[in-house]
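One structure is given here, and the rest of the page talks about it.
Any read-out appearing in this document is the output of simple, stated calculations on the displayed coordinates, not a laboratory observation. In this text, all values refer to a predicted model and were calculated from it rather than measured experimentally. Don't worry about glycine lacking a Cβ; one is built from the backbone with ideal geometry, like all the others, and counts go over all protein chains shown.
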Amino acid sequence: MDKKSWLEAARWNAEMFYLGSEKNPRMSPANWWINGEIRVFWTRNVPEKTVDVVVSACEERAREFGRLCGFPAFRFRRFGSHPSALEQVAACMTIRGEVDEQKFFPLVGAESWRRPEAGGYRHGDIYITEYPIKGGHTSWGVTSVNEGIMLLGLYGDRPQSPYFLDCVAMHEMGHMLGIPLHCDQYRDVAGYRYDPHCGMHWACPGTEVCPKCLDFVSEWWRTWLDMRKGSRERT
């Protein structure tokens, strides 16, 4: 793959998200980010200082990508251990005490809090939990790019690793804001030098994002914003 194909992939990905939002408004960043709000929830045993690390890291990545890509700033609103959030997590727990992401994302994505027709308000969600994620005890987090939902599994002593948690939160925020892949999945893109320390590497080795991934997300948002502008001009 060369640089031209890489950017074409970013455009194609953005187009698919946009077209998906036209058919099903719940299933696209075209809708969750539109009001510039991300809500943060956490389960009862998550330390507040851990919440601070996660929110600060996500805010930093959102500002960085916003400056690069030209999308509006986000407000991060803390809702804590809200009963509705705890119910959602509990509804997706396995008998082994893990959160099943395959159940979790559709449940949260369909909630009335997100649907204007039900009196809700379009927004993204971050859930910080003290539980493992099903099938991935090595995974610290998973994100639904389509629905703008981040799920973190900070069980055991994971909250005691603030630097790595910073890397993880920035990594997942990168997914949430338009990068649906991992940097190390595409090591040989002609025109870019592969950076094993890129923050979008699967292993989250750092916080900096390499030029290849920055170009991807920039092209993703440029394409999406152009399509949305064209749609509004036609109406």
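Annotations for the structure displayed:
- Which of L165, G80, I128, positive extreme of dipole for the stretch 58-202 (C-beta unit charges): G80
- Helix screen, the chain: DSSP H segments with Cα axial length of 15 Å or more and mean Kyte-Doolittle hydropathy at least -1.0 are 3-23, 48-69, 162-176.
- Of the beta bridges in the stretch 3-230, as assigned by DSSP with both residues counted there, near 25 percent are antiparallel.
- Ratio of Rg to Rh over the stretch 97-148 (Cα coordinates, Kirkwood Rh, two decimals): 1.02
- Total lysine pairs in the chain at Cα distances under 27 Å, for residues eight or more apart or on different chains: 9.
- Checking Cβ-Cβ separations below 4.7 Å across the chain identifies C58, C69, C92, C213 as cysteines lacking any candidate disulfide partner.
- Segment D100-Q160, extension gain: residue separation times 0.36 nm, minus the distance between their alpha carbons: 19.2 nm
- Mean-position separation - Cα centroids, the stretch 125-145 and the stretch 51-66, in angstrom: 17
- Here the label points at R187 and F76, each 7 Å from Cα along the C-beta direction, are separated by 3.2 nm in the simple model.
- Looking at the stretch 55-110, none of the chymotrypsin sites (Phe, Trp or Tyr not before Pro) sits in a DSSP loop with at most 15 other Cβ atoms within 10 Å of its own Cβ.
- Relative contact order of the stretch 3-230, taken over Cα pairs closer than 8 Å and 6 or more residues apart, is 25 percent.
- Residue-averaged [θ]222 nm for the chain, counting only DSSP H segments that reach four residues, each worth -39500 (n - 2.57): -14500 deg cm²/dmol
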